[in-house]
Amino acid sequence: MPRKFRALAVMGNVELDLREAEIGYGLSVIEAVSVMGNVEITVPPDIAVECEGGGLLGSFTLKYQGPANPAAANRERTVRITGSAYAGNVEVVVKGPDEGMLTKLGRTLGW
C-alpha cells in the first residue's frame, strides 16, 4: 500500500480490503471522499487505525467486528483515514479474516 492513497466514490461504490495488503511501518494515509456513494475500507486487527472525517447528509464511521480490539493493534504500523461523505457513506471496519478467506488459505496450503 502506498503512503498516501485517495479513494473517491461519486454515485458508486469503492471497496478497499487491506487484510491481505502489505502495509509498511510508519504512517499511511487514505483520503476517502464519497459523493452520493459508498466507500468501504476493511483493515486487519493488527494495524492501528485513526479516523478523522465527517458527513454532510451522510456518515463517516469506524466499527470493530469480532475479536478485533483497538488495544491489540501494533502501533508501529498505522493507517489514518480522513475525508468526508456528502449524501453518502464512508465506513471503516476493523475485522479479522472471513471464513471464506480461511477456507481459501486452507486449500492453498493443502489442509
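The values are calculated or read from the model by the stated rules, or taken from the named source; none is laboratory data. The structure presented is a predicted model; accordingly, all values stated were derived computationally and were not measured. Cβ sites come from the backbone with ideal geometry, for glycine too, and all protein chains shown count toward neighbours. Accessible surface areas use protein heavy atoms only, side chains included; no ligands, DNA or RNA. Shrake-Rupley method; radii C 1.70, N 1.55, O 1.52, S 1.80 Å.
3J(HN,Hα) along region 36-53: 6, x, 10, 10, 10, 10, 10, 10, x, x, 8, 9, 6, 10, 10, 10, 9, x Hz, from the Karplus curve 6.51 cos²θ - 1.76 cosθ + 1.60 with θ = phi - 60°, whole Hz, x for Gly and Pro.
Estimated translational diffusion coefficient (Stokes-Einstein, Kirkwood radius over Cα pairs, 25 °C, 0.890 mPa s) of the chain: 169 µm² per second. Our estimate of slack between residue 15 and residue 75, defined as 0.36 nm per intervening residue step minus the Cα-Cα distance, is 19.2 nm. Computed over the chain with a Gaussian network model linking Cα atoms closer than 10 Å, the most mobile of 66, 55, 24 is 66. In vacuum, with every alpha carbon of region 6-57 counted as one equal point scatterer, what does the Debye formula give for log10 I(q)/I(0) at q = 0.13, 0.16, 0.21, 0.25 Å⁻¹? Two decimals, please. Taken in order of the listed q values, log10 I(q)/I(0) reads -0.35, -0.52, -0.85, -1.09.
Comparing 87, 70, 9 along the charge dipole axis of the chain, the residue lying farthest to the positive side is 70, per the Cβ-charge model. Sorting 4, 95 on solvent-accessible area from highest to lowest, probe radius 1.4 Å, gives 4, 95. Taking every protein chain into account, the accessible area of the chain amounts to 60 square angstrom per residue (probe 1.4 Å).
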